[in-house]
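**Q** One structure follows; several queries about it will come next.
The values are calculated or read from the model by the stated rules, or taken from the named source; none is laboratory data. Just so it is clear, the model here is predicted, and its values are computed rather than measured. Every residue, glycine among them, receives a Cβ derived from its backbone with ideal geometry; neighbour counts consider all protein chains shown. These accessible areas exclude ligands, DNA and RNA; they are computed on the full protein's heavy atoms, side chains included. Shrake-Rupley method; radii C 1.70, N 1.55, O 1.52, S 1.80 Å.
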Amino acid sequence: MPPRTAVFFHAHPDDEALLTAGTMAMLAAEGHRVVLVVATAGERGLAEMEKGEALGERRMRELYESAAVLGCARVVCLGYGDSGLSPSGGIAEERPDNAFIDADSEEAAKALAAVLEEEKADLLSIYDPAGGYGHPDHVQVHRVGRRAAQIAETPIVLEATVNRDPLIRALRLAGKVYTFPPEFDLRTFESAYTAGDQITHRINVRKYARQKRASMTAHVSQASGGDGDRTLAVLLKIPGPLYRVVFGTEWYVRRDLPPGTRLRHPFDEAP
C-alpha cells in the first residue's frame, strides 16, 4: 500500500489515547503520515495542578508526548475553549467565550478543512453521532468533522467508536475486580457508542498495545483530580495481558459502506 495521510480529529488531549492510539501507531509504523488535531486544550478538565501551572498548557505538553510515542508527524490545536465536563456543557455563562460547543459549526469545519486540504488527507477520523458517551464537545467533533470532510472532499471518513456489546460485558467483569471512580456509571454505556452490527471496521491493534498504553501514560494529569482514582488511572492498572485483550481492538463506522461490511484496516475498501 503506498503511503497515505490520515488525520485524527479529537475534542481534547487524551481522547486519542483511549479511542484511536493503536490505529495511529499502526498506520505510522506502516509508513503513513498521521496527523493529530484537537479542538481544545482540555483546560477545564479535572487535575491536581502545581501552583501557577495552567492545565491547558500542561495537557498540550502531554499531547505532544503522546503524539511522539504514536509516531504522529504533526499536531494541530484549533484553539477552541474546552466546554467542560457537564453533559450539556454546563451553564453558558460559565463557559469560555470561545467554547467549542458554542462555535459556529461551519467556521470550525472550515478551520479543520484547511488542515485536511493542506495535508491532502486521504482519511479523517471523527466520532460517532452520539460523541461516544455523549460529551458535548465530542458531539461537536462529529458535526464539524463531517462537514469538514465535505468541504475538503476527503474520501474516507471513519467514526471512531467502541463496540458497546463486549464493552458492557468487560466493564461488568472488571467491576468485580476494580473499584470504579464515583463519576463512572455503567448504565450510561448501555446507550453509548455503537452496537456491533453497525460497525464496519475492527482493527486489531494488539501489536501496538505498548504504544497505546504509553500514550495513556503520557496524559498523567488526567489520572488525578476529583474524588478517588480517575478512569484513566484505573485503566492503567490493568495488567499487561488483560490490557491487550481489553484494548486490542479499535472500532470504526464508515457510513458510505453497505451494512454488514467487515474490514480490518482503515484504508480497506469493501469487496
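**Q** Counting only heavy atoms of protein chains, what accessible area per residue, in Å², does the chain have with a probe of 1.4 Å?
**A** Here the residues of the chain average 46 Å² of exposed surface.
**Q** I've got another one for you. Carbon and sulfur together cover what percent of the accessible area of segment 136-271 at a 1.4 Å probe radius?
**A** Details: 3580 of 6740 Å².
Percent of accessible area from carbon and sulfur atoms in segment 136-271: 53.
**Q** Can I ask one more? Please report, in cubic angstrom per residue, the volume enclosed by the convex hull of the alpha-carbon atoms of segment 98-164.
**A** 72 Å³
**Q** Moving on to the next point. Near the amide H of GLU43, under 5 Å away, which other amide H atoms are found, from residues 5 or more places off or on another chain, if H is placed in the peptide plane?
**A** For GLU43, the qualifying residues are ASP82.
**Q** Would you please put 24-34, 242-252 in order of how densely packed they are, using the mean number of other Cβ atoms within 10 angstrom per residue and starting with the highest? Before the final figure, lay out each step's value.
**A** Numbers: 24-34: 21.0, 242-252: 19.2.
Top to bottom by mean Cβ count within 10 Å: 24-34, 242-252.
**Q** Using heavy-atom solvent-accessible surface (probe 1.4 Å) with all chains present, what is the largest-first order of ARG146, ARG187?
**A** Working: ARG146 85, ARG187 170 Å².
Output order, biggest surface exposure first: ARG187, ARG146.
**Q** A follow-up question, please. Provide the per-residue ³J(HN,Hα) series for segment 251-263, in order, calculated from phi with Karplus coefficients 6.51, -1.76, 1.60 and θ = phi - 60°, each as a whole number of Hz, with x at glycine and proline positions.
**A** 10, 9, 10, 10, 6, 8, 9, x, x, x, 5, 10, 10
**Q** Computed over the Cα atoms of segment 124-271, what is the convex hull's projected area averaged over all directions, in nm²?
**A** Result: 9.6 nm².
**Q** Convert each backbone phi in segment 5-10 into a coupling constant with the Karplus relation 6.51 cos²θ - 1.76 cosθ + 1.60 (shift: θ = phi - 60°), then list the ³J(HN,Hα) values in order as whole Hz, x for Gly and Pro.
**A** Taking θ as phi minus 60°, the curve returns 10, 10, 10, 10, 9, 10 Hz for segment 5-10.
**Q** So what is the 222 nm mean residue ellipticity for the chain from helices alone, if each DSSP H run of at least 4 adds -39500 (n - 2.57) and you divide by all residues, rounding to the nearest 500 deg cm²/dmol?
**A** Estimated from H runs of four or more residues: -11000 deg cm²/dmol.
**Q** Need one number: % antiparallel among DSSP beta bridges in the chain, to the nearest 5.
**A** Around 25 percent of the beta bridges assigned by DSSP in the chain are antiparallel ones.
**Q** For the chain, with a Gaussian network of springs between Cα atoms less than 10 Å apart, report the residue from THR231, THR194, THR161 with the top mean-square fluctuation.
**A** THR231
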